[in-house]
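Q: Dumping the structure here so I can ask a few things about it.
All of the numbers you see were taken from the coordinates with simple rules; none came from a lab. The structure displayed is predicted, hence computed values, not measured ones. Every residue, glycine as well, gets a Cβ built from its backbone with ideal geometry; the counts of neighbours run over all protein chains shown.
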Amino acid sequence: MTALDFSRRAATPELMDTEVTGFEEFRACLADLERVNFWTMTYRPMMRFMDRLLAAGMIPKDRPLVVVDVGSGYGGMLRRIDDWAARRGIAVDLTGVDLNPWSAKASAGVTPPGRSIRWITENAFDYRPEGGIDLIVSSQFTHHLDDDGLVTFLAWMERTAKLGWFVNDLHRHWLPYHFFKLWSRLAGWHRFVQHDGPVSITRSFVAADWRNLIGRAGIAQDAVQVRWWIPFRLCVARVRAP
């Protein structure tokens with residue numbers, strides 16, 4: 001058995017990207033991933049980023065804040081942004097975009113009525129709402145892309161988002177790999193989660209990867225913040241000067 005090499009990104013395919021499933025199985029996988037997100041505090045960095053925009057006076061006061069979540073999965077990120085906005089009296093227009101058609105159906109099924117969120121099945125590059133997009137976010141999406149695809153995604157966000165963008169993804173390291181492999185089996189989570197969780201870590205990033213890819217996308221290094229968060233996450237934030 002060949003030892004894993006954490007010095008570089010792996011290209012091992014994930015089951016969620018390659019195996020065709022029915023809706024019920026896909027939804028069960030997303031539900032377990034949402035449990036993982038809860039226990040690993042996945043949404044905390046995003047909420048801090050929203051607080052940062054608010055403190056900087058960058059949230060529009062005369063219209064809704066337009067946010068697009070790319071690779072929205074089960075929709076947990078946008079539901080939390082909607083909760084955040086509601087507590088502060090901030091109007092929002094939220095859209096979750098995902099290529100998998102089961103994602104929109106699953107997200108809609110667990111989103112309470114009356115939320116300012118829409119779920120669509122589309123390539124994010126083709127989504128062009130009238131009035132443009134203020135903020136583009138993604139959570140645990142970018143490791144599904146190869147390096148060239150991620151450079152394209154970064155350049156697209158930089159061209160498209162009027163206020164900025166925020167990427168939340170995993171930090172490639174042997175410790176979370178072995179921990180999650182054991183934890184997911186003991187927890188009895190969906191077989192996709194047990195397989196794809198460790199694979200996702202091997203496909204993810206270290207800070208030097210992000211710096212290299214940001215440079216390849218033609219974005220100034222000092223315009224982007226790459227920050228490590230517990231437990232083993234790297235978040236990449238871009239805020240345009242107000």
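Residue-by-condition table, conditions (1) without any contact (Cβ under 8 Å) to a residue 12 or more places away in the chain; (2) loosely packed, with under 15 Cβ neighbours inside 10 Å; (3) out of contact with any helix residue (DSSP H, G or I) (no Cβ under 7 Å at 6 or more places or on another chain):
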site: D5; (1), (2), (3): yes, yes, yes
site: A10; (1), (2), (3): no, no, no
site: A28; (1), (2), (3): no, no, yes
site: R52; (1), (2), (3): no, no, yes
site: A56; (1), (2), (3): no, yes, yes
site: I59; (1), (2), (3): no, no, no
site: V67; (1), (2), (3): no, no, no
site: M77; (1), (2), (3): no, no, no
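Q: Looking only at region 123-158, count how many residues are over 16 Å from the mean Cα position of the chain (by Cα), in contact (Cβ under 8 Å) with a residue 24 or more places away in the chain and outside any helix (DSSP H, G or I).
A: Number satisfying all stated conditions: 6.
Q: Pick from L135, L99: which is of a type in the set (A, V, I, L, M, F, W, C) and buried (at least 20 other Cβ atoms within 10 Å of the Cβ)? Let's see the steps before the verdict.
A: Numbers: L99 fails: buried (at least 20 other Cβ atoms within 10 Å of the Cβ).
Answer to the check: L135.
Q: Checking the condition under 16 Å from the mean Cα position of the chain (by Cα), surrounded by 17 or more Cβ atoms within 10 Å (Cβ to Cβ) and either over 28 Å from G149 (Cα atoms) or among the hydroxyl-bearing types (S, T, Y) (or both), which residue from T42, T111 passes? Break it down stepwise before answering.
A: On the way: T111 fails: under 16 Å from the mean Cα position of the chain (by Cα).
Being under 16 Å from the mean Cα position of the chain (by Cα), surrounded by 17 or more Cβ atoms within 10 Å (Cβ to Cβ) and either over 28 Å from G149 (Cα atoms) or among the hydroxyl-bearing types (S, T, Y) (or both) holds for just one of T42, T111, which is T42.
Q: Please state which of the following conditions R48 fails to meet, knowing it meets all the rest: (1) surrounded by 13 or more Cβ atoms within 10 Å (Cβ to Cβ); (2) touching a residue at least 24 places away in the same chain (Cβ under 8 Å).
A: (2)
Q: Further, regarding this structure: Filter region 104-122 for residues that are small (G, A, S) and touching a strand residue (DSSP E or B) at 6+ places or on another chain (Cβ under 7 Å) and give the result. Show your work before the answer.
A: Restricting attention to region 104-122, the residues satisfying the condition of being small (G, A, S) are 104, 106-109, 114, 116.
Matches in region 104-122: A104, S107, A108, S116.
Q: So T160 passes all but one of these: (1) in contact with a helix residue (DSSP H, G or I) (Cβ under 6 Å, 6 or more places away or on another chain); (2) among the hydroxyl-bearing types (S, T, Y); (3) within 24 Å of L53 (Cα to Cα). Which condition number does it fail?
A: Result: T160 fails condition (1) only.
Q: How many residues does region 184-229 hold that are hydrophobic (A, V, I, L, M, F, W, C) and surrounded by fewer than 16 Cβ atoms within 10 Å (Cβ to Cβ)?
A: Here is the first cut: in region 184-229, the ones hydrophobic (A, V, I, L, M, F, W, C) are 186-187, 189, 192-193, 199, 201, 205-208, 210, 213-214, 217, 219-220, 223-224, 226, 228-229.
Right, trim to surrounded by fewer than 16 Cβ atoms within 10 Å (Cβ to Cβ) and you get 186-187, 207-208, 220, 223, 228.
So the count comes out to 7.
Q: Here is a follow-up. Quick one: in region 98-122, which of the residues that are assigned to a strand (DSSP E or B) and among the β-branched types (V, I, T) is farthest from R80 (Cα to Cα)?
A: So in region 98-122, the residues assigned to a strand (DSSP E or B) come out as 98, 117-121.
If we keep only those that are among the β-branched types (V, I, T) as well, we get 117, 120-121.
Numbers: I117: 11, I120: 18, T121: 20 Å.
So, considering only residues that are assigned to a strand (DSSP E or B) and among the β-branched types (V, I, T), the one farthest from R80 (Cα to Cα) is T121.
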